Every structure is written in C-alpha cells, then in structure tokens.
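Read through the structure below, which is laid out as structure tokens, and then see the notes.
The values are calculated or read from the model by the stated rules, or taken from the named source; none is laboratory data. Nothing here was measured: the structure is a model prediction, and the numbers come from that model. Note: ideal-geometry Cβ built from the backbone for every residue, glycine included; neighbour counts use all protein chains shown.
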Amino acid sequence: VGIFVISRVIPRTYHDSVRLMRVSEELSNLGSVNKVFVAMGTDANKRVLDQVGLLTDSIKQSGANDLTIVVEAESNSAAESALLQAEDILKRNNEENNSELEEFHPRNFEEAYKSFNDANVLFLSVPGPYAALE
C-alpha cells in the first residue's frame, strides 16, 4: 500500500479561508483520503505544508494570490478524484455566490448599509497582503 500526493495550483484564484477550510474538512472525510489542504499559496500556508510533508514543487512556486490544493491518499486515483471534487465544490460555490451577487451591487459602505440597515455583522474578505489595511 502506497501513499500518493498530488497538488494543483490555480493561479490568481481567490477564495476566503473559511470556505477553503470547509472544503478541506469535507474532503478529509472521504475514506481513501489521508490529508487534504486547500488554501491560498501564502508563505504561512507553505510552512504548514512543509511541516506536514505535503509541500510539493508546484506549491513552492505558488504565490499568495494563487489557490493551492494538496491531497494525500491511498491511491493515485483517490487523490485525483479528491482533487477534482475540491475544484468542483469551489466552482459550484463560486457560481452560487456570483448568482447571489448579481442581485445587489453596492458601490460603497453607505449604499450597503441602507440596503441592510438591520444588519449587525460585517464580513470583509479581500485577497493579498493588503487585507489587513482594508
């Protein structure tokens, strides 16, 4: 019985970390999958992958604005299947979110506030190293 690790980098593709953790968790529950890591290609995430032995050459070359997917499984076909499922889940989630966004496009905070004046939570998610400045 072998261990198979495959990875994929999807350039300039951003998803927030909560969504990516959920995808990782969902795929980790597949019987033939040992480890799944779906995250942005930040230096911090690369360090984590290195510590758990999943840092591949393609992931090393990824940037902070690139989506990375790494799967360790009991067979190459199981790893490939999990990787394709991750891509499918993210694509489906993106399409669902885009259809929701088509309904409303606030141009600024005030416009958004007027539309959701009873809201008491703000969730802001932006890609890249300047997220803290937002």
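What to note about this one:
- Against the numbered list (1) on the phi > 0 side of the Ramachandran plot; (2) buried (at least 17 other Cβ atoms within 10 Å of the Cβ), residue 67 comes up short only at (1).
- Of the criteria (1) modelled with pLDDT of 90 or more; (2) of a type in the set (Ser, Thr, Tyr); (3) within 19 Å of the chain's Cα centre (by Cα), which one residue 77 fails: (3)
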